[in-house]
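The block underneath contains the structure these notes are about, expressed in structure tokens.
The values are calculated or read from the model by the stated rules, or taken from the named source; none is laboratory data. The structure displayed is predicted, hence computed values, not measured ones. All Cβ positions, even for glycine, are placed from backbone atoms using ideal geometry, and neighbour counts span all protein chains on display.
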Amino acid sequence: MNLATLLSTLVMGCVLAALPGPARAATDCSAPAAVCETASRDSLALVERGVPIAVLVDAEDAAAVRLAAEALRDDLAAVSGGNVSTDAPRTAVIAGTLGHSARIDRIVRERGIDTTGVAGVWEGYLLQVVDAPEPGIERALLVVGADRRGTAFGLYELSRRIGVSPWTWWADVPPPRRASLHIAPGRFVDAPKVKYRGIFINDEEPALGGWSRATFGGTNHRFYERVFQLILRHKANYLWPAMWQPRAFYDDDPRNAELADEYGVVIATSHHEPMMRAHDEWSRYGQGPWDYTRNAETLQRFWRGGIERLQGREAVVTLGMRGDGDEAMTEGTATALLERIVADQRRIIGEVTGKPVEDTPQVWALYKEVQEYHDQGMRVPDDVTLLFADDNWGNIRRLPDPAAARPGGYGVYYHFDYVGGPRNYKWLNTTQVERAWEQMRLAWAHGVERVWVVNVGDIKPMELPISAFLDQAWNPDAADLEWITGYPAAWAAEQFGATHAREIGGIVTRYTRYNARRKPELLDADTWSLLHDGEAERVIGEWDALEQRTLALAGRIPASHRDAWVQLVEYPVLASANLNRLYVAVARNRLYAAQGRASANKWADEARRLFERDAELQRMYERDIADGKWVHMMSQARIGYTHWQQPERNILPALASVDVPARGVTGVAIEGDARRWPQPATSPRLAPLDPVAATSRAVEIFNGGRGPVEFTARSTQPWLTVTPAQGAVDDAQPLTLNVDWAALPEGEHEAVIAIRGSDRTEVYVQVPVRKPPAHRGARGFVEGDGVIAIEAPRYARAVPPPGGAWQVIPQLGHGGSGVAAWPATGPGLQPGGDGARLEYPLVLDAAGEVEVRVTMAPTLDIRNRGGLRYAVSIGDEAPQVVTMRLDPTPGDRDFQAWERAVIAHAHVAGSRHAATAGANTLRLWAMDPGIVFQRIEVVTDPRPRGTLGPAESRLRE
């Protein structure tokens, strides 16, 4: 089903949970358990004339079921307007757990309800309308769960179907008002594909910590109740609690663990907190060093206490040991020591629980240096889940052989937030849901079905990727390419309704793509070039357009949704745009001061204004919406980073000032050169102009004083004109260069622009001009400005891998989308012949050697085979194999390449090839699975470029 069908269905008010998450579309309201505003044949009214249906559960059923039923009652009341019938119910939602609800067991038995696909299935549930389920009830919607969470999920699913967003409290998304809602008859059965699906609250100071203290008095049970509700509304079940600065879930508030059990949320501990003990508990109760070689007996007592404290509650126990403070335990790989630790921990689990140790779920987190233990052969018992990890930047490090099944299964620990090198990133969402989806799809294809857990930092403002991650985890098979393509708009429809969903989805997609090019914490005055490719102007132009698009839509958002709009859309866009403008303003101030421009001081003032604007936007988020509900939530420092760790507060970057003389002073600046002209004994020289991609170059006359200066500018050649030819300059005057290409023969030419100022300054700008051969009849991407740049999805031909396909992954690239071969499992392919490849037609000016730079997503060597390979060829040459080697291990030979790749959110690899003049065909050959191609540049002139590279080349068709 395409996005247009989905949104038109949402407009109808008809929703079906046929797909995970908000992308629940039905083509009509008769699909099983579809919820619609209009009645269909044999449907059951959930809301009728503003009165909601009764929700019934047995008092003996699990607390998780009763709490979910209470939530559904509240949601129905909110959607219907709060009316409650005082009559004895003739219809009802009847919910219960098989074997735990006498009412449900009786109805199932007496009415012959088919529980196939539910009974005995982890967290499975059934939705079905039945007639006369019990005396006094004429019709009912049965919600039948295989276990307590299965029943609860059926109820929370119903809440989501009637239009209540999982973010109703956490992002102030108001439930839609409906006078009438009906659920279609039929049998709907659902169950998760991934067993444990959840989040890790981490790095929670100062934002979440400050907010929770102001709102709840800390991360106590009142806070966690809201967290549990958020998790369960996403049909997730798993939590690593907040543990930093300092926090201890079990110790801080005993009611935390009790409430988690009541709600049915499975509590575990993070990758470096073994045996259900929070990190900070060692400083509270531990004695001696955190060192198993010197203090094993004390550590064992400490860990035993963690298992004893569970009191039989559901949990997943983390095994192993890292150093105190989430550091490496030892230098080198102490395999024998870690094997001993795991064996002792498992002995303690068995002794405390009195059950076979394999009956207690356990994970071994292969995080950072622990991955090296596994790579070098360390193994744990097969009932332990191997929890693989990403590199903290959204790139999974290792995945298992899909054929290597184990009883304990596999998991992945992923990141939307991180504190560490090369730079913290905590402030705003910078995770493209498309990248997270692509990486977790890889994980699923490789058999990772036991645990999906993601570090979400402060929870806010990671709303979109949290929803996408947890929705994908419910049913990764259904979360296909079409699903992720439509996800942002479908998610927007769930928060704001269908009217503007496509536009909102486009905005949030665009802002995360822009922020993924450089995370806000990685921005500085050198990020966007003022000298090359018009990059700074292009980037700011993109942010300006997105901000205008956002503000234009803001006026059409209903007042009821204003609070949610600011949190989910407006603040992230405006604050991100402002931050990029700030750093470009700082860059202009510094460059112009170095050039002696009088306007340097104005740009310093502009930087200060933008710095204050950042604080104003924060106040809007924290004070002006939702009655100040989100105080402190945007307090994370984001301006003024100088190394990996955050500054204590936002710091305005250093600014320069110039002493401005009273008289006017003529200066000249040119594209590609930071110097001020005139310079002694040298003249400025532009990069060559050409008729394809460099028809002009920036030449600017500026003033270094307060008084105006007059100038003249003339060309030494009749085929090059300069405008304006004269004038007065108060601040700066750009010159426009125009070449009469028809008057020029093919070949190399040169002109000079003579600039004279009224202060007797003279500058002679050399202007080389190159008119390449026309190559008439040649089709393809045409060389211009010394390069051919192509976005990967713009191939002319795609030959798929055997039994597979090339897939375009939306938005997964700096300038557009990515292309990957699917499926991404199995052995590598050999290039050549009729092998899997993408073909791109080129038109090159001249024969010679070129460099082919291929930009890819920074995918890691998930199978540890020595790097990910692809191949390149131009024309009939043999394919040249290129290996992408990235390694997040400090000290590794490929560590710096990895660091550059995660900073850029892309990896660029190069190869050199011989090409002919005119038409050529470039082929990208698939070899190892997992590579996502994003962009190709064929470079003939390797001069400096901007951070993002040149714009895509012109296609001659």
Checklist outcome for this item: Of the residues in segment 407-454, those that are hydrophobic (A, V, I, L, M, F, W, C) and within 22 Å of Ala207 (Cα to Cα) come to Phe416, Val419, Trp427, Leu428, Val453, Val454
Checklist entry - When segment 86-101 is examined, which residues are found to be exposed (fewer than 14 other Cβ atoms within 10 Å of the Cβ) and either in contact with a strand residue (DSSP E or B) (Cβ under 8 Å, 6 or more places away or on another chain) or aromatic (Phe, Trp, Tyr) (or both)? => result Arg90
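Conditions tested, residue by residue: (1) free of Cβ contacts under 8 Å to residues at least 12 places away in the same chain; (2) among the small types (Gly, Ala, Ser); (3) buried (at least 20 other Cβ atoms within 10 Å of the Cβ).
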residue	(1), (2), (3)
Val660	no, no, no
Gly664	no, yes, yes
Ala669	no, yes, yes
Thr682	yes, no, no
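Take Asn601 and decide whether it is in contact with a Ser or Thr (Cβ under 9 Å, 6 or more places away or on another chain), among the polar types (S, T, N, Q) and in contact (Cβ under 8 Å) with a residue 60 or more places away in the chain.
no
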Item to check | Total residues in segment 484-510, condition under 17 Å from Gly394 (Cβ atoms) and among the hydroxyl-bearing types (Ser, Thr, Tyr) | outcome: 2
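Based on this model, can you work out whether Gly777 counts as over 42 Å from the mean Cα position of the chain (by Cα) and not in a strand (DSSP E or B)?
Answer is yes for this residue.
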Item to check | Cβ pairs under 8 Å, 6+ apart, first in segment 320-348 and assigned by TED's automatic domain parsing to the domain that holds Tyr418, second at pLDDT 95 or above and among the small types (Gly, Ala, Ser) | outcome: Gly320/Ala365; Leu338/Gly320; Ile341/Gly320; Val342/Gly320; Asp344/Ala296; Gln345/Gly320
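Each row is one residue, and each column tells you yes or no for (1) over 33 Å from the mean Cα position of the chain (by Cα); (2) touching a residue at least 12 places away in the same chain (Cβ under 8 Å); (3) assigned by TED's automatic domain parsing to the domain that holds Leu399; (4) surrounded by fewer than 23 Cβ atoms within 10 Å (Cβ to Cβ).
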| site | (1), (2), (3), (4) |
| --- | --- |
| Met856 | no, yes, no, no |
| Ile874 | yes, yes, no, yes |
| Val881 | no, yes, no, yes |
| Val938 | no, yes, no, no |
| Glu952 | no, yes, no, yes |
Next on the checklist: Take residues that are in contact with a His (Cβ under 8 Å, 6 or more places away or on another chain) and over 17 Å from Asn455 (Cα atoms) and tell me which of the helices (runs of 4 or more DSSP H) falling wholly in segment 213-310 contain 3 or more.
Outcome noted: 254-263
Checklist entry - Only one of Ile651, Ile670 is within 26 Å of Asp533 (Cα to Cα) and either at pLDDT 95 or above or outside the structural domain of Pro422 (by TED's automatic domain parsing) (or both); which? => result Ile670
Checklist outcome for this item: Tyr795 passes all but one of the listed conditions (1) loosely packed, with under 14 Cβ neighbours inside 10 Å; (2) of a type in the set (Phe, Trp, Tyr); (3) assigned by TED's automatic domain parsing to the domain that holds Val852; the exception is number (1)
Item to check | Given (1) β-branched (Val, Ile, Thr); (2) buried (at least 20 other Cβ atoms within 10 Å of the Cβ); (3) in contact (Cβ under 8 Å) with a residue 60 or more places away in the chain, number of the condition Val722 does not satisfy | outcome: (3)
Next on the checklist: Whether any residue in segment 742-764 is in contact with a His (Cβ under 6 Å, 6 or more places away or on another chain) and not acidic (Asp, Glu) is what I want to check.
Outcome noted: no
Item to check | Residue selected from segment 486-513 under the condition among the polar types (S, T, N, Q) and crowded, with 19+ Cβ neighbours inside 10 Å, by the criterion farthest from Gly541 (Cα to Cα) | outcome: Gln495
Item to check | Output for segment 824-867, where each listed residue is on the phi > 0 side of the Ramachandran plot and of a type outside the set (Gly, Ala, Ser) | outcome: Asn864
Item to check | Residue list for segment 800-838, filter: buried (at least 16 other Cβ atoms within 10 Å of the Cβ) and assigned to a strand (DSSP E or B) | outcome: Trp806, Gln807, Val808, Ile809, Gly818, Val819, Ala820, Ala821, Trp822, Arg837, Leu838
Item to check | Residue tally, condition of a type in the set (Gly, Ala, Ser), farther than 16 Å from Pro174 by Cβ and in a helix (DSSP H, G or I), over segment 520-571 | outcome: 5
Item to check | Odd one out for Ser635, checked against (1) surrounded by fewer than 22 Cβ atoms within 10 Å (Cβ to Cβ); (2) assigned by TED's automatic domain parsing to the domain that holds His532 | outcome: (2)
Checklist entry - Which members of segment 883-901 meet the condition of being in contact with an Asp or Glu (Cβ under 7 Å, 6 or more places away or on another chain) and part of a helix (DSSP H, G or I)? => result Phe895, Trp898
Checklist entry - Would a scan of segment 151-160 turn up a residue that is of a type in the set (Phe, Trp, Tyr), outside the structural domain of Arg450 (by TED's automatic domain parsing) and within 17 Å of His182 (Cα to Cα)? => result yes
Checklist outcome for this item: When restricted to Ala909, Ala878, the only residue within 27 Å of Val843 (Cβ to Cβ), assigned to a loop (DSSP other than H, G, I, E, B) and among the hydrophobic types (A, V, I, L, M, F, W, C) is Ala878
Next on the checklist: Give me the residue from segment 110-141 that is assigned to a strand (DSSP E or B) and among the hydrophobic types (A, V, I, L, M, F, W, C) and, out of that set, surrounded by the fewest Cβ atoms within 10 Å (Cβ to Cβ).
Outcome noted: Ala132
Next on the checklist: Quick check on segment 338-361. Is at least one of its residues within 17 Å of Thr269 (Cβ to Cβ), surrounded by 16 or more Cβ atoms within 10 Å (Cβ to Cβ), over 33 Å from the mean Cα position of the chain (by Cα) and of a type outside the set (Val, Ile, Thr)?
Outcome noted: yes
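So if I check each of Ile788, Ile755, which one is assigned to a strand (DSSP E or B), touching a strand residue (DSSP E or B) at 6+ places or on another chain (Cβ under 6 Å) and assigned by TED's automatic domain parsing to the domain that holds Leu922?
Ile788
For Tyr583, state whether it is in a helix (DSSP H, G or I), closer than 30 Å to Pro176 by Cα and touching a residue at least 40 places away in the same chain (Cβ under 8 Å).
Details: in a helix (DSSP H, G or I): yes; closer than 30 Å to Pro176 by Cα: no; touching a residue at least 40 places away in the same chain (Cβ under 8 Å): yes.
So Tyr583 does not fit the description; no.
Could you list all residues from segment 310-325 that are at pLDDT below 90 and buried (at least 18 other Cβ atoms within 10 Å of the Cβ)? Steps first, answer last, please.
Taking segment 310-325 and keeping what is at pLDDT below 90, we get 322-325.
The answer is Arg322, and nothing else.
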